[in-house]
Amino acid sequence: MQDKIILGLLLDGDKSSYDLQKTMEKSTGYFYNASQGSIQPALKKLMSNSHVTFSEEYQGERVKKVYQITDEGKKDFFNWASQAIDLEKPRDPALVKMYFFNYVEQDRKIELVEQYLHEIRSVIATMTMMKQMSLEQIAKIKEPLDTGKIESRMATLTFGLDYYTFLNEWYEKYLTQIKNKIGQDDGS
């Protein structure tokens, strides 16, 4: 998947591995994890398959590799993007941990869920800001837009917001259940 994300991002323009990482953090990183350590092997694989090339740019005395997608890389990406979407099982470490919550004291459960809710709300705030910034940038553009690209990216961002909003609501209910159980056990 990492290689396909890289190819898709290079369709938007040439990027260094650092630029790829930063772009992923602000886009696909909300639903697919990517680290600099995984980007480099993916770039090597793409280069060995002739899907990506690079040029060197000098910034002072430093040399920076800037990657470009090849025609073969475009062909591979478009082939992948047009294939059927496979349904995958969600991988959620929070749910795995909750599966074993019966071994955790009630007060600690509350603490863990509250910490998780704080993280979820932070992501919601960031994604809401990103959506607002994107809408403001779109409004400033005077030339015709690639509306398909913008529509699919805004739909993905909206999905992300809806997903994290759902998580927030679900974990708030779960937290209430835990607190109510404590109240019942205490005889309140």
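The condition of being loosely packed, with under 10 Cβ neighbours inside 10 Å, free of Cβ contacts under 8 Å to residues at least 40 places away in the same chain and assigned to a strand (DSSP E or B) does not hold for E88.
Here Q137 meets each of (1) outside any helix (DSSP H, G or I); (2) assigned by TED's automatic domain parsing to the domain that holds E172 with one exception, condition (1). Quick check, is Q68 assigned to a helix (DSSP H, G or I) and not assigned by TED's automatic domain parsing to the domain that holds I120? So Q68 fails the test.
Results for (1) outside the structural domain of M127 (by TED's automatic domain parsing); (2) in a helix (DSSP H, G or I); (3) of a type in the set (S, T, N, Q); (4) farther than 28 Å from M129 by Cβ, shown as yes or no for each residue.
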{"residue": "L10", "(1), (2), (3), (4)": "yes, yes, no, no"}
{"residue": "Y32", "(1), (2), (3), (4)": "yes, no, no, no"}
{"residue": "L43", "(1), (2), (3), (4)": "yes, yes, no, yes"}
{"residue": "T53", "(1), (2), (3), (4)": "yes, no, yes, yes"}
{"residue": "E57", "(1), (2), (3), (4)": "yes, no, no, yes"}
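Looking at the range 158-176, I want the residues that are in the same structural domain as M127 (by TED's automatic domain parsing) and have a partner that is surrounded by fewer than 16 Cβ atoms within 10 Å (Cβ to Cβ) and not in a helix (DSSP H, G or I) with Cβ atoms under 7 Å, at least 6 apart or on another chain. Which pairs are those? The qualifying pairs are G160/F31. Which count do you get for residues in the range 170-180 that are farther than 10 Å from I120 by Cβ and out of contact with any Leu (no Cβ under 9 Å at 6 or more places or on another chain)? Qualifying residue count for the region: 7. Looking at V96, V113, just one residue is surrounded by 10 or more Cβ atoms within 10 Å (Cβ to Cβ), in a helix (DSSP H, G or I), on the phi < 0 side of the Ramachandran plot and under 25 Å from the mean Cα position of the chain (by Cα), and that residue is V113.
In the set K44, K74, which member is within 25 Å of the chain's Cα centre (by Cα), surrounded by fewer than 13 Cβ atoms within 10 Å (Cβ to Cβ) and basic (K, R)? The unique qualifying residue is K44. Residues in the range 163-188 that are more than 18 Å from M98 (Cα to Cα), part of a helix (DSSP H, G or I) and modelled with pLDDT under 95: Y163, G183, Q184, D185.
Taking the range 47-71 as the range and being surrounded by 14 or more Cβ atoms within 10 Å (Cβ to Cβ) and among the aliphatic types (A, V, I, L, M) as the test, the residues that pass are M47, V52, V66, I69. For the range 14-38, the tally of residues that are modelled with pLDDT under 90 and within 20 Å of A81 (Cα to Cα) stands at 10.
The values are calculated or read from the model by the stated rules, or taken from the named source; none is laboratory data. Only a predicted model underlies this, so the values are computations on that prediction, with no experimental measurement involved. As a convention, Cβ positions derive from the backbone with ideal geometry for all residues, glycine included, and neighbour counts pool all protein chains shown.
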